[in-house]
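All remarks here apply to the structure that follows.
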Ligand SMILES: CC(C)(COP(=O)(O)OP(=O)(O)OC[C@H]1O[C@@H](n2cnc3c(N)ncnc32)[C@H](O)[C@@H]1OP(=O)(O)O)[C@@H](O)C(=O)NCCC(=O)NCCS
């Protein structure tokens with residue numbers, strides 16, 4: 001059957017349409033992310049209404065005949081920064097009651113057309129491994145490029161003595177380095193250096209994913225901070241400094257989501273390659289975690305994401321007690337190849 005597909009601009013759409021998309025979002029959330037609390041409408045709305053100034057996100061919806069419900073949604077998101085102008089991400093979600101009736105495939109047609117119009121030659125998408133999402137991506141000929149794990153640490157099970165030992169050992173192993181901490185926006189004096197330090201995340205494993213190094217700037221850092229703050233997020237940053245050069249050489253971050261006081265997200269942890277093998281990663285993670293245990297007794301879980309191939313990071317995380325919650329497969333497909341696959345499916 002042919003589904004009626006309509007473009008929707010979520011920055012200007014009326015609230016009742018967004019509420020219908022939110023209801024679809026909740027169905028998919030409960031199917032794929034049931035370990036996480038639902039995000040309230042007001043928070044989700046902020047995210048979907050407001051795109052960073054360097055991204056453009058296009059959406060297409062399928063509504064029920066009476067226009068009372070959203071049945072499916074496709075999203076295409078493109079960055080407009082210094083690099084990766086050949087790439088775009090897409091996502092398709094279809095309500096269970098109308099699956100396997102071609103809506104997913106048909107929603108890919110405007111996705112491909114918009115990507116082609118912007119010269120995006122390579123598309124990325126992902127789904128929890130071995131789910132309808134990965135079956136769908138396999139069916140259109142997309143290829144798995146990297147597999148990530150989402151993992152969770154139960155704070156009550158953390159071996160405090162082990163973390164204290166990591167901190168103690170740093171005094172000797174990481175002599176000549178010191179720690180700096182700030183909560184929320186980076187102080188102006190560290191802005192440029194911290195922006196450069198974040199780009200060291202480009203050294204994390206990519207496996208087969210074809211992607212250029214991403215570029216960060218002080219302006220985008222400030223815009224991100226303002227957006228996080230508008231969502232009510234708070235965050236802690238802990239940085240390692242090389243005292244002799246005053247260079248920032250490693251950092252780790254915790255983000256506290258506004259809608260759930262029992263969880264914290266372990267965001268990036270990175271140490272500059274020339275300063276590795278001195279226990280700085282362990283030191284950073286131990287100090288942040290000990291502070292969490294002392295100052296945030298309500299936090300019961302720490303959640304994080306890593307590539308399965310990231311042995312150095314997993315060595316630290318597994319020792320801390322992180323356990324795999326799920327596996328997530330990231331795919332890529334050249335736009336041309338996806339266009340050809342859709343054409344072939346239409347003809348078959
Ligand atoms: C993935 C999803 C969007 C597919 O939507 P859909 O409308 O059911 O997809 P289609 O009917 O167009 O399916 C196209 C083809 O994908 C494959 N496919 C889709 N779902 C499948 C499943 N559960 N098992 C095996 N193959 C599947 C089939 O080859 C199918 O063709 P066929 O039905 O003729 O055999 C839907 O299952 C969903 O919303 N999942 C959760 C969200 C998600 O993971 N999205 C990530 C993908 S970007």
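Once Rg and the Kirkwood radius are both taken over the C-alpha atoms of region 73-200, their ratio Rg/Rh works out to 1.14. Rounded to the nearest 10 degrees, the inclination of helix 218-230 to the longest alpha-carbon principal axis of the chain is 80 degrees. Compared with the dominant Cα axis of the chain, that is its longest principal axis, helix 280-295 is turned about 90°.
Only helices enter the 222 nm calculation for the chain: every DSSP H run of n ≥ 4 contributes -39,500 (n - 2.57), and dividing by all residues gives -11000 deg cm²/dmol, rounded to 500. Packing here is the average count of other Cβ atoms within 10 Å per residue, and on that basis the peptides 44-53, 2-11, highest first, run 44-53, 2-11. Classify region 209-299 as rounded, prolate or oblate from the Cα gyration tensor: take a ≥ b ≥ c as the square roots of its eigenvalues, call it rounded if a/c is under 1.5, otherwise prolate when a/b beats b/c and oblate if not. Oblate is the answer for region 209-299, as a/c is 1.5 or above yet b/c matches or exceeds a/b. Helix 335-347 and the longest principal axis of the Cα set of the chain meet at an angle near 30°. For region 159-320, the alpha-carbon radius of gyration amounts to 1.03 times the rule-of-thumb value 2.2 N^0.38 Å expected for a compact globular protein.
An oblate overall shape is assigned to region 246-338, the ratio a/c of its alpha-carbon gyration tensor axes (a ≥ b ≥ c) being 1.5 or greater and a/b not exceeding b/c. Rounded, prolate or oblate: which fits region 1-150 when a ≥ b ≥ c are the square roots of the eigenvalues of the alpha-carbon gyration tensor, with rounded for a/c under 1.5 and prolate only if a/b beats b/c? It is rounded, given that a/c, with a ≥ b ≥ c, falls under 1.5.
Computed on the Cα atoms alone, the convex hull of the chain gives a volume of 136 cubic angstrom per residue.
Coordinate-derived values only; no laboratory data. Everything quoted here is computed from the prediction, not taken from an experiment. Here the Cβ is made from the backbone with ideal geometry for all residues, glycine too, and neighbour counts use every protein chain on show.
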